[in-house]
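Visitor: The structure that follows is given in the form of structure tokens.
The values are calculated or read from the model by the stated rules, or taken from the named source; none is laboratory data. These numbers were taken from a predicted model, which means no experiment stands behind them. Note that we place each Cβ from the backbone using ideal geometry, even for glycine, and neighbour counts take in every protein chain shown. Just so you know, the surface numbers come from the protein's heavy atoms only, side chains and all, with ligands and any DNA or RNA stripped out. Shrake-Rupley method; radii C 1.70, N 1.55, O 1.52, S 1.80 Å.
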Amino acid sequence: MIYVVSDIHGCYHTFMELLNKISFSKDDTMICLGDIIDRGLHNLKLLDMFIENDNMILIKGNHEFFYECWIQSFLSEKEWAGFGGRTTIDELKQISKNDILDYYFFIKNLPLYYECNDFIMSHNGFNSTFPFVKDNNGVILVKETIDKQWATHPYNFIISSDIHRKLPNIQLNKRLIVGHYPTPFLGSDSIIHKPQYIAIDGGATYKNGKLACLRLDDLAEFYMKINANDIP
């Protein structure tokens, strides 16, 4: 079975409870659409899990990108903390510089999207003001557009939530699955299914948020209440 989650945000215990709920095994695949770190309390444990398990795939989200920017001195500690990175920063201060760099190189090489079955999965979708790549019929080519928009301006691309508000009627060559923007902020307490895309960020670490999971094989949905041990 193939499962998709997003925006775990340091909620290690919650994620472990979810794995137990779905009876996740070595024969299954788990794809996380980014933002595995920040806000919650157990960020490095989650990174370690995705580093160590070949059947767990992590896509780069904006919070992973913040880690990159911090290492490269494009983002100050204060700025990253303001984006929710304080818990990750505090954990990093307890480990060696070599370990910090090991996490950095893992994160730096994360993919921007993952294609599986009839879906393409990415963290956030598109920035409406950036270039799109289209076929002869005007249909947006998802992978090519993500690559082009990332090359245009990585930061402004990966923080964009335009797919929900400014691109309601776009035509895509493959259906997207995205995280990044919590579905409670879109008026739903569950996964949102639209013709063009599916939104699965359940708002973990936010008030009344939860961790949402989608099984690609049959589009079954699973939800887990956030464990109190995962949040400050």
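Visitor: Given a 1.4 angstrom probe, I'd like the percentage of the accessible area of the chain that is carbon and sulfur, rounded to a whole number.
Guide: Exposed carbon and sulfur together represent 49 percent of the surface.
Visitor: Taking every DSSP beta bridge that has both residues in segment 1-152, what percent is antiparallel when rounded to the nearest 5?
Guide: 40
Visitor: Can you find, among ASN156, GLY125, ASN109, the residue farthest towards the positive end of the dipole of segment 107-200? Put +1 on the C-beta of Lys and Arg, -1 on that of Asp and Glu.
Guide: Result: ASN156.
Visitor: Can you return the aspartates and glutamates within cross-link range of LYS60? Criterion is Cα-Cα under 18 Å, with same-chain partners fewer than 8 residues away left out.
Guide: Counting by Cα, and skipping residues close in sequence, LYS60 has these aspartates and glutamates nearby: ASP7, ASP35, ASP38, ASP48, GLU52, GLU68, ASP102, GLU115, GLU144, ASP147, ASP162, ASP201.
Visitor: Go through MET1, MET224, MET30 and list them by solvent-accessible area, largest first, probe radius 1.4 Å.
Guide: Accessible-area ranking of MET1, MET224, MET30, largest first: MET1, MET224, MET30.
Visitor: Taking the Cβ of ARG215 as the centre, find all other residues whose Cβ is under 12 Å away and add up their charges (Lys, Arg: +1; Asp, Glu: -1).
Guide: Net local charge, ARG215 excluded: -3.
Visitor: Treating only the Cβ of Lys, Arg, Asp and Glu as charged (+1, +1, -1, -1), what charge dipole size does segment 1-92 show about its Cα centre? Round to the nearest 20 debye.
Guide: Value, rounded to 20: 160 debye.
Visitor: Follow-up question, since we're still on this one. Which of the following values of P(r) over Cα pairs in 10 Å bins from 0, in percent was calculated from the structure shown: (1) 7, 25, 24, 16, 12, 8, 5, 2, 0, 0; (2) 8, 32, 36, 17, 6, 1; (3) 8, 35, 37, 18, 2, 0?
Guide: Checking each listed value against the structure points to (3).
Visitor: Could you name the lysines whose alpha carbon sits less than 20 Å from that of LYS134, not counting residues in the same chain fewer than 8 places away?
Guide: In chain and number order, the partners are LYS143, LYS148, LYS166, LYS174.
Visitor: Quick one: accessible surface of LYS194, probe radius 1.4 Å, all protein chains present, in square angstrom to the nearest 10.
Guide: Only protein atoms counted, so the area is about 80 Å².
Visitor: Assuming 0.36 nm per residue, please report the length gained on full extension of the stretch LYS26 to CYS116 beyond their Cα-Cα distance.
Guide: Net length gain for the segment: 30.6 nm.
Visitor: Using a Gaussian network for the chain with springs between C-alpha atoms less than 10 Å apart, which of these wobbles most: LYS60, LYS134, LYS207?
Guide: Largest GNM mean-square fluctuation: LYS207.
Visitor: Moving on. Kindly report, to the nearest 10 Å², the accessible surface of ARG215 as traced by a 1.4 Å probe over protein heavy atoms only.
Guide: For ARG215, solvent-accessible area is about 50 Å².
Visitor: To the nearest 10 square angstrom, how much accessible area does TYR206 have with a 1.4 angstrom probe?
Guide: For TYR206, solvent-accessible area is about 80 Å².
Visitor: Separate question: Can you return the lysines within cross-link range of LYS210? Criterion is Cα-Cα under 18 Å, with same-chain partners fewer than 8 residues away left out.
Guide: Straight-distance partners of LYS210: LYS21, LYS225.
Visitor: With +1 on each Lys and Arg Cβ and -1 on each Asp and Glu Cβ, and nothing else charged, work out how big the dipole of the chain is about its Cα centre, in Debye to the nearest 20.
Guide: So the magnitude is around 620 debye.
Visitor: Take every Cα pair under 8 Å in the chain that's 6+ residues apart, average their separations, divide by the length, and report that relative contact order as a whole percent.
Guide: Once divided by the residue count of the chain, the mean separation gives 25 percent.
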